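**Q** One structure follows; several queries about it will come next.
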Amino acid sequence: MSETRERLYSLLPAVHRTRDAVEGGDQLRALLAIAEEELDLLEADVQRLYDDWFIETCQEWVVPYIGDLLAVRGLLPIENAPFSQRGLVANTIAYRRAKGTVAVLEQLARDVTGWGARAVEYFDRLATTRTMNHRRRSDVAFVDVRSADAASLTGTPFERSAHLADVRHIDNGRGRYNIPNVGLHVWRLQSYPLDTFATAQPVEPTGPPAEQGRYTISPLNYDLPLFNVPRAEEELTHLASEPNVAAPLRRRQLHDELSERRRARADHRTDFNEVYFDDSQPVFRVVLAHGTDRTEVAPEQIAICDLSDPDNPPATGWRRPDKTKGLKVGVDPVLGRIALPEDESADAVEIAYAYGFPGDLGGGPYDRSASVATALADLPAPDKADRRQWAVNGAEAPGALKAAVDVWNTITRRTVGVIAVTDSRSYDDDLEIHVRAGSRLLIVAADWPADKDPDATAAPARRFGRLLPRGRRPHVGGAITVHGEPGSALTLDGLLLEQPVTVDPGDLGLLRIAHCTLAPETAGLTVASSNGSLTVELERTISGPVGLGPVAPRLSVRDCIVDGRGGDALAAIEADADVQTSTIAGGTQVRTITAGNAIFTDPVTVRHRQTGCVRYCYLPLTSVVPRRFRCHPADEAAAVRVAPAFTSLDLRSGPSAYGQLATLCPTEITQGAEDEGEMGAFNFLKNAQRLTNLTTRMDEYLRFGLEAGVVFVT
C-alpha cells in the first residue's frame, strides 16, 4: 500500500500497528485505507473552495451563483451545453460600462450563445443626401462599381453598399435597413480544422482533356467549401471582421492577399499584410508528393481560381506572366477544388484545411476523448487478456491500416487491440476484420504520443491507451467486413467511411460506431442474420441505410443522422430499437421502439406495439407505432403546416449545413423537444435555448429607441 494512502494509519502508535499486523491480519490498516479515500475527497473539496471564488477557475455549477451577485438574471439554464456562460458573467461589468454601444452587443452575442457574431447598425447603411449640417463618417449614397471586393460583400454583414429605407421591423426578421434597426449577424456553423494533411481525390476525366490535373478536397469527391479558422479579438471594443468569424472563404479576399504578397516579395518588401496566410495559422496548406518526397507549396505559389467551369480551367494553357512566375497550384476555396498547371504534376496532392459543420457529429477532428474512454472502459485484467496497440500513418506506409488489421487477424487468444490512425489521409484497401472470442478491437482516429520515461536514459515510449483523439479525420475508401466470435466487440471511432460496413455470419457481441461518417450515398451498415446476440450502437454518427438481420436483437441510435431516403433508413424487423435525439431520413421498420426527441421524415412501422413509447418526436400520421406522447403533427390539420425543414439534407450538394434545421422550420419542431430545444440530431447544440437567452439579454444593452434582431448568416 502506498504511503499517500496510509497517512491515518501512520499516525497510530507503533504498538497498535504491530499488533494489527501480527494478530489482526491488517484489518485495521484496511479500515483506515477506506477512511483515507473519504479524506482525500474531502480535502479535494476544500481545495476547490478557493478556486470557486473566481469566475475564471470556478466549477460550472458555481457560475450562476456568481452571476446572481452581479444581478445577471433571466437566463435559461442549459444542461450539458457545448459552451459555457462563464464569459457572460466575467464580462458583465465591462458590458455595463460600454452599455449602448454596438461593440457590447456583439460581444454579448458571443458570450451568451458561443456563436461568432457581427453587430451592424443599419442606419449607417442608409442612402441619404449629404448635408453640411450632418456630416457622416463615409459617403454611402453610391455603390463603388469599380471594387470587385465591395461587390462580393453586398448582402453580407461586411457590406459597404448603400440601401433604401425598409420600414418593416427587424425583431421579427422581416426588415433591416431602417433608422432604429441594429442587426446581430451570427454564424451557427463551426469551423473544423484538420491538424494533419488529407489526401485530395483526383477527378477522373470524363469530358475534355482540361480535366486532367483536377482534384477535389473532399475525400468523397464532392464540392466542399473551405472555412476560415476564427482569429480571436483582443479588445471588447473591436468589431468583428471576416477573419474573426467561422465563415466560408471567398475567392476575392484570398486572391488579393496573395497578389499583394507576391508583389511585396518581388519588390523585396516585408510590409505586406498577412491575415489568412500568416505563418502561425494559414487557412490552408498544400503539399505536392512525388514518390516519398513531399514538398509544401509556398503561399505565393498558390493561385486562387474559379474552377467551376471544367472547359476553361487554369490547368490548360495556364499563362505565367512575370508577376505570377512560379505558380504551382490553383485552389478554389468556394468549391473545394484544386488544379495543377499543365507543366506541373504530382503523384498525390495533400491539403490541410478547415471545413464547416453545425456541430460535433459524424467523422470530424473535434475532441472525442469521452467516447474513446468509453470504448476502453472495463478492460479485462492483463493476466486474462493481451493488450496490443498499433500506430498507423499513411505517409510512412500507404497500406499501413490494412497491414495492422492483418496482424490483428493472426492473433488467436483473447486480446484488447487498438489501431490508432494518426493522420487524415485516405486508405483505399478493403478491410476484413476477425474478432476472436472475448476480444475487443478499437479502430480510432487519434494521435498516439510517446511519453518521456522518468529515467532520463530511456527513450520516450508509447503507452497502451494513451490517445489524443482530436485533429484527425482519416478516410477509409474500402469496404469493411467484420466476422465476430462469441463475446467479441468492435468499435469504430472518428472515421470517414466511403464503403459499407458488413457484419458477416458469426456471433459478434457488440458493434459500436461512434463519431463516424458512413457516406449516405455509398455506405451504410448491413448485418447478416446469424448474429443473434449482437448489439449495434450508433452514436454521433452520420450513416446511410442500416439493415439488421432478422435475429439482431438490439439497436441503439443516439445523436445520429441515418439517411436512407427513397427506402428504409432503419430496417430491423426483429430488433428492439432505442432512437434518441436523432434524425431518420427514410422509412423505419422495427420490432419494438422507444424513441424520444427524434425526427422521422417517413412513416415508422412497429410490429409489436404493446411495449415502448414515442415521446416528443415528429413522425407522419400514417406511422404505426406504440403510444405517442406530445408528438407532432397532432392531427390532419396540423400535418399541413408542421413538417421538418432542413437547410440541407444532401451531403453532396450541401455538406456544410447537412441535417441542420432551417430558420423557417416550424417552432413545433425547433422547440418541440423535451427540453424545449430542437428535435433531431443536433438537439445537443441547444440552439433554441441559446437564441432565447440572447433575445432576453439584448434589450438591457440597447440604446433607447433602437430595435435589435438576430440574423442567421449560416
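**Q** Here are some conditions: (1) surrounded by 20 or more Cβ atoms within 10 Å (Cβ to Cβ); (2) closer than 19 Å to MET679 by Cα. LEU651 meets all but one. Which one does it not meet?
**A** With respect to (1) surrounded by 20 or more Cβ atoms within 10 Å (Cβ to Cβ); (2) closer than 19 Å to MET679 by Cα, LEU651 is out only on (2).
**Q** If a residue counts only when it is under 24 Å from GLY100 (Cα atoms) and under 23 Å from the mean Cα position of the chain (by Cα), which helices (runs of 4 or more DSSP H) contained entirely in the range 629-714 have at least 1 such residues?
**A** Numbers: elements: 636-641, 667-670, 687-701.
The helices (runs of 4 or more DSSP H) meeting that bar are 687-701.
**Q** For the range 213-236, enumerate the residues that are out of contact with any Leu (no Cβ under 9 Å at 6 or more places or on another chain) and either touching a residue at least 12 places away in the same chain (Cβ under 8 Å) or among the polar types (S, T, N, Q) (or both).
**A** Step one: filter the range 213-236 for residues out of contact with any Leu (no Cβ under 9 Å at 6 or more places or on another chain), giving 221, 229-232, 234-236.
Of everything in the range 213-236, those that are out of contact with any Leu (no Cβ under 9 Å at 6 or more places or on another chain) and either touching a residue at least 12 places away in the same chain (Cβ under 8 Å) or among the polar types (S, T, N, Q) (or both) turn out to be ASN221, VAL229, PRO230, ARG231, ALA232, LEU236.
**Q** Let me confirm something: among ASP386, ASP378, which residue is outside the structural domain of ARG294 (by TED's automatic domain parsing), more than 27 Å from VAL229 (Cβ to Cβ), of a type in the set (Asp, Glu) and touching a strand residue (DSSP E or B) at 6+ places or on another chain (Cβ under 7 Å)? Walk me through it before giving the result.
**A** Details: ASP378 fails: touching a strand residue (DSSP E or B) at 6+ places or on another chain (Cβ under 7 Å).
From the options ASP386, ASP378, the qualifying one is ASP386.
**Q** Next question, about the same structure. Please name all residue pairs, on different chains or six or more residues apart, with Cβ atoms under 6 Å, provided the first residue is in the range 684-713 and is closer than 18 Å to TRP115 by Cα and the second residue is of a type in the set (Ser, Thr, Tyr) and surrounded by 19 or more Cβ atoms within 10 Å (Cβ to Cβ).
**A** Once the first residue is closer than 18 Å to TRP115 by Cα and sits in the range 684-713, its partners that are of a type in the set (Ser, Thr, Tyr) and surrounded by 19 or more Cβ atoms within 10 Å (Cβ to Cβ) give ALA688/THR670; ARG690/THR113; LEU694/THR113.
**Q** Identify the residue in the range 544-572 that is more than 27 Å from the chain's Cα centre (by Cα) and surrounded by 24 or more Cβ atoms within 10 Å (Cβ to Cβ) and, among all such residues, is farthest from LEU508 (Cα to Cα).
**A** Here the answer is ALA572.
**Q** Sticking with this one: Go through the range 3-47 and give me each residue that's surrounded by fewer than 10 Cβ atoms within 10 Å (Cβ to Cβ) and either aromatic (Phe, Trp, Tyr) or not in a helix (DSSP H, G or I) (or both).
**A** Scanning the range 3-47 gives LEU11, PRO13, GLU23.
**Q** Okay, next question. Give the range 617-646 a look and list any residue that's out of contact with any strand residue (DSSP E or B) (no Cβ under 7 Å at 6 or more places or on another chain) and polar (S, T, N, Q), or say none.
**A** THR622
**Q** Considering only residues of the range 139-197 that are at pLDDT 80 or above and among the aromatic types (Phe, Trp, Tyr), which is farthest from PHE227 (Cα to Cα)?
**A** Out of the qualifying residues, it is TYR177.
**Q** Could you tell me whether TYR215 is at negative phi and assigned to a loop (DSSP other than H, G, I, E, B)?
**A** Values: at negative phi: yes; assigned to a loop (DSSP other than H, G, I, E, B): no.
No.
**Q** Something else about it: Residues of the range 310-343 being at pLDDT 65 or above and of a type in the set (D, E, K, R), which ones? Working first, answer last.
**A** From the range 310-343, those at pLDDT 65 or above are 310, 326-343; that's our starting set.
Correct list: LYS328, ASP332, ARG337, GLU342, ASP343.
**Q** Please give the strands (runs of 3 or more DSSP E) falling wholly within the range 422-507 in which 1 or more residues are in contact with a Phe, Trp or Tyr (Cβ under 8 Å, 6 or more places away or on another chain). Lay out the reasoning, then the answer.
**A** On the way: elements: 431-435, 440-445, 480-484, 488-493, 501-503.
Passing ranges, in order: 431-435, 440-445.
**Q** Here is a further query. Taking SER161 as the residue in question, decide whether it is among the small types (Gly, Ala, Ser) and either in a strand (DSSP E or B) or under 34 Å from the mean Cα position of the chain (by Cα) (or both). Reasoning before the result, please.
**A** Numbers: among the small types (Gly, Ala, Ser): yes; either in a strand (DSSP E or B) or under 34 Å from the mean Cα position of the chain (by Cα) (or both): no.
Considered against the rule, which asks whether it is among the small types (Gly, Ala, Ser) and either in a strand (DSSP E or B) or under 34 Å from the mean Cα position of the chain (by Cα) (or both), SER161 comes out as no.
**Q** Turning to a different aspect of this structure: Which condition from (1) surrounded by fewer than 19 Cβ atoms within 10 Å (Cβ to Cβ); (2) at pLDDT 90 or above is the one that THR216 breaks?
**A** (1)
**Q** Among residues belonging to the range 465-496 that are of a type in the set (D, E, K, R) and touching a residue at least 60 places away in the same chain (Cβ under 8 Å), point out the one that is nearest to ILE513 (Cα to Cα).
**A** Quick first cut of the range 465-496, residues of a type in the set (D, E, K, R) only: 466, 470, 472-473, 485, 493.
Going one step further and asking which of them are touching a residue at least 60 places away in the same chain (Cβ under 8 Å), we end up with 470, 472-473, 493.
Working: ARG470: 17, ARG472: 17, ARG473: 15, ASP493: 6 Å.
Applying the filter and picking the extreme gives ASP493.
To keep it simple, each residue is scored yes or no on (1) surrounded by fewer than 24 Cβ atoms within 10 Å (Cβ to Cβ); (2) over 28 Å from the mean Cα position of the chain (by Cα); (3) over 26 Å from GLY549 (Cβ atoms); (4) touching a residue at least 60 places away in the same chain (Cβ under 8 Å).
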residue: GLU432; (1), (2), (3), (4): yes, yes, no, no
residue: SER439; (1), (2), (3), (4): no, yes, no, no
residue: ARG463; (1), (2), (3), (4): yes, no, yes, no
residue: GLU498; (1), (2), (3), (4): yes, no, no, yes
residue: VAL503; (1), (2), (3), (4): no, no, no, no
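Residue by residue, here is whether (1) farther than 26 Å from GLN660 by Cα; (2) of a type in the set (Gly, Ala, Ser) holds:
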position	(1), (2)
LEU534	yes, no
LEU538	no, no
ILE542	no, no
ALA571	no, yes
VAL579	no, no
ARG591	yes, no
ALA595	no, yes
ARG607	yes, no
GLY612	yes, yes
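**Q** Evaluate the range 264-277: report whether one residue or more is hydroxyl-bearing (Ser, Thr, Tyr) and surrounded by 14 or more Cβ atoms within 10 Å (Cβ to Cβ).
**A** Within the range 264-277 (the criterion being hydroxyl-bearing (Ser, Thr, Tyr) and surrounded by 14 or more Cβ atoms within 10 Å (Cβ to Cβ)), the answer is yes, since at least one residue qualifies.
Let's see how each residue does on (1) over 19 Å from the mean Cα position of the chain (by Cα); (2) crowded, with 19+ Cβ neighbours inside 10 Å; (3) part of a loop (DSSP other than H, G, I, E, B):
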position: GLU342; (1), (2), (3): yes, no, yes
position: GLU350; (1), (2), (3): yes, yes, no
position: GLY359; (1), (2), (3): no, yes, yes
position: PRO365; (1), (2), (3): no, yes, yes
position: ALA373; (1), (2), (3): no, no, no
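**Q** For ASP293, are the conditions met, namely being under 25 Å from ALA198 (Cα atoms), of a type outside the set (A, V, I, L, M) and without any contact (Cβ under 8 Å) to a residue 40 or more places away in the chain?
**A** Numbers: under 25 Å from ALA198 (Cα atoms): yes; of a type outside the set (A, V, I, L, M): yes; without any contact (Cβ under 8 Å) to a residue 40 or more places away in the chain: yes.
So ASP293 passes the test.
**Q** Taking GLY394 as the residue in question, decide whether it is within 20 Å of LEU220 (Cα to Cα) and either of a type in the set (D, E, K, R) or touching a helix residue (DSSP H, G or I) at 6+ places or on another chain (Cβ under 8 Å) (or both). Even if it seems obvious, please write down each step before you answer.
**A** Numbers: within 20 Å of LEU220 (Cα to Cα): yes; either of a type in the set (D, E, K, R) or touching a helix residue (DSSP H, G or I) at 6+ places or on another chain (Cβ under 8 Å) (or both): yes.
Against the criterion (within 20 Å of LEU220 (Cα to Cα) and either of a type in the set (D, E, K, R) or touching a helix residue (DSSP H, G or I) at 6+ places or on another chain (Cβ under 8 Å) (or both)), GLY394 qualifies.
**Q** To continue, here is another question. Could you tell me whether any residue of the range 265-277 is on the phi > 0 side of the Ramachandran plot and assigned to a loop (DSSP other than H, G, I, E, B)?
**A** Of the range 265-277, the ones on the phi > 0 side of the Ramachandran plot are 268.
Remaining after also requiring assigned to a loop (DSSP other than H, G, I, E, B): 268.
Within the range 265-277, one or more residues are on the phi > 0 side of the Ramachandran plot and assigned to a loop (DSSP other than H, G, I, E, B).
**Q** So which of GLY477, GLY506, GLY438 is touching an Asp or Glu at 6+ places or on another chain (Cβ under 7 Å), over 25 Å from ALA354 (Cα atoms) and not polar (S, T, N, Q)?
**A** Details: GLY477 fails: over 25 Å from ALA354 (Cα atoms); GLY438 fails: touching an Asp or Glu at 6+ places or on another chain (Cβ under 7 Å).
Of the residues listed, the single one that is touching an Asp or Glu at 6+ places or on another chain (Cβ under 7 Å), over 25 Å from ALA354 (Cα atoms) and not polar (S, T, N, Q) is GLY506.
**Q** Given the conditions (1) farther than 25 Å from SER529 by Cα; (2) part of a strand (DSSP E or B), report the number of the one that PRO620 does not fulfil.
**A** All conditions pass for PRO620, except number (2).
**Q** Then there's this: Any residue in the range 660-675 that's surrounded by 14 or more Cβ atoms within 10 Å (Cβ to Cβ): show its pairings with residues that are part of a helix (DSSP H, G or I) at Cβ separation under 6 Å, as long as the two are six or more apart or on different chains.
**A** What qualifies is LEU661/THR670; THR670/ALA688; GLN671/ALA688; ALA673/ASN683.
The values are calculated or read from the model by the stated rules, or taken from the named source; none is laboratory data. No experiment lies behind these values; they were computed from the predicted model shown. Cβ atoms come from the backbone with ideal geometry, glycine included; neighbour counts cover every protein chain shown.
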